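Here's the structure we're looking at; comments come further down.
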Amino acid sequence: MSSLTDPVIQIIALSLSLVVLAGVIVWSGTFRYIANNRTGVVEKLWSMKGSVKSGLIALKGEAGYQPDVLRGGVHFFFPFQYRLHIAPLVTIPQGRIGYIFARDGSPLEAGQTLASNAGGVDYQDTRSFLAKGGQKGPQRSMLREGAYAINLAQFVVVTKDHSYALRLHRDESAMLNQMAEIIASRGGFEPVVIKDHDDEVGIVTVHDGPGLARGEIIAPAVGADLEVADAFHNSFQDPEKFLAAGGRRGRQLQVLVEGTYFINRLFATVELIPKTVVEVGHVGVVVSYTGAEGVDMSGENYRHGELVERNQRGVWRDPLLPGKYAFNTYAGKVMMVPTTNFILKWEKSVYGAHKLDENLAEVSLITRDAFEPTLPLSVVVHIDYRKAPLVVQRFGDIKKLVEQTLDPMVSAYFKNVAQTRTLIELLQERSEIQVTSSLDMKEKFANYNLELQEVLIGTPRPSANGDDQIERILLQLRQRQIANEQVGTYERQKLAAQKERELREAEAHAQQQTAITQSELSIQVKENEGRANLARSMQEAEQTRALARAEADRISFLGQGEASKVVSLAGAEAERVSKVGLAQAEAIEKQVAASGGARYQLARQVAERFAQALETSGVDVVPKVSISGSGADGGGSANGSLVQAVMAMLLSDKLDLSINEGNRPADR
């Protein structure tokens, strides 16, 4: 029995020994396992070299927190000498920032609020950090996105959602919470994001570094000028370079524009302000509170202040033209000056959008006839953009110019004008006064670097004391005007009635337009036919005249030919007759001579002709009835006959002989 139980007892005893040994090993911390997503901070409990004389981290193997951290895996330790603090990896999410607080290191210098990291640090190498003189306290450098194996006994990492630290005592938790609250109030766990559509600029205030020089109210840009300042510190994202280049604490002249900036909010805070927008029709006159003292550029004849170049202290000679500017309004003021025509109204409770005339009221007048009306005015003014700085330098701003200079000057001018005219003249000569005042006041406005465009005068009104006499005069003028308007209305009505009658006539005419058109067309057709007939008749007449002229010409030619012929024939016949006559005459002459004379010859010819006639007619020579007559003495001739009587009568007539003589015997 005992022989069987001895091996069992031995096995049990060995097992118990192994368990006890494993427990002792575990309890003594000889072997420790660290997961890969964890780190181990080693605390040495005792050492032959003693304890750390100063600081927290034991750099020389003393007892205390060791600088190096352990990563994932199984690690062997000398029993009862070390304590291992398991901690998670420090993880910074995308778009977030982690702030570091060093528990050990060199102390901060006077005036220093954040620990310097000038030599370049690696927060995952505690030994190197302390060896290079790393300072304790909040650090200027930050942690960006990623996972870090950091010794949390030396460093405390504060993020938005978690604080990574090896808790040492209760007071430290309160300190870390306060630090996290300050960072969160400044929005420091996220980068500074300035969006382009917001039209904002970032005003930076640095909380570390040397203070401002005497007389300065804002820190100047680091480097030569604003354009090259970013080359020194990358828009305040590298505090060490900023301070090394001469940067100073306080509000900075340089601003941040659109973009994303990873800035340590314990080092610098950022305030977003709107961009300075100079609208169209305006210029921005800059009054700079900072910069070097400049040389006066206003000229010898200008004694109302000094104008300086850009980036110098004072009023800049060149104004800002319309546009958007990333202007630091803590370093200066931009005064908007309208360059388009603007109207100043001397009328209570009436003012323009610029509100330059909100304190102006009607001008109180006293006329020559002792009336006290008030006169509303409007003055159109223009400011040359090149002279805008002179106006600002002289008057401070445009509103002061209006209230302290233009208002008393304009009021005094129109008071003087009113004293030379009665109320009626003031009303009736408004146009003349308006033109004259514009000409007179242009020179006065030019003395103040202003351009007067036009003066507009309103209607005088009763004053506030209730002077109803002015109202009665105005009422009479209105009634007179109403009467004139009524006359004009009647004339217009008369004209309207006449036009209406013309309209009715036109409508009636339009109704008969078809018949009128047809008749007019018929008339036109007849006229066209008449003109056609007339043309045809004229053509025929012309043709007839042409034929007649041709016929006349033909007849004329024929007549002329016939006449020539007749003349020729007549000449020939005449010549023939002349010759025949001459021959006959010669023959007769010879016959006469042969007959015993011309008288006898004639009687012979008559007798011959008479005989021919009797022969031709067939008359009997001897009548069948004999008729006898008495003679002159009353007795008849028994021997006489009719033929003898006729012959005797013919012969007596031709020969100039008496019948009786013929019957009487010739005297012997």
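Structure values in brief
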quantity: 10 Å beta-carbon shell around Asp318, net charge (K/R +1, D/E -1); calculated: +2
quantity: Mean Cα-pair separation over length for the range 33-174, i.e. relative contact order, pairs under 8 Å, 6 or more apart, %; calculated: 26 percent
quantity: Whichever lysines have a C-alpha closer than 27 Å to that of Lys590, once near sequence neighbours (fewer than 8 apart) are set aside; calculated: Lys579, Lys654
quantity: Magnitude of the charge dipole, the range 401-539, Cβ model with Lys/Arg +1 and Asp/Glu -1, debye to 20; calculated: 520 debye
quantity: Rounded to the nearest 20 debye, dipole of the range 192-274 from Cβ charges on Lys, Arg, Asp, Glu; calculated: 460 debye
quantity: Exposure proxy ranking, count of Cβ atoms within 10 Å, fewest first, for Met142, Met441; calculated: Met441, Met142
quantity: Candidate lysines - alpha carbon under 18 Å from Lys442, same-chain residues fewer than 8 apart omitted; calculated: Lys345, Lys387, Lys415
quantity: Dipole magnitude (debye, nearest 20) for the range 282-466, charges at Cβ of Lys, Arg, Asp, Glu; calculated: 420 debye
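Values in this text are rule-based calculations from the coordinates and carry no lab data. A quick note: this is a predicted structure, and the numbers were derived from the prediction, not measured. Backbone-built Cβ (ideal geometry, glycine too); neighbour counts: all protein chains shown.
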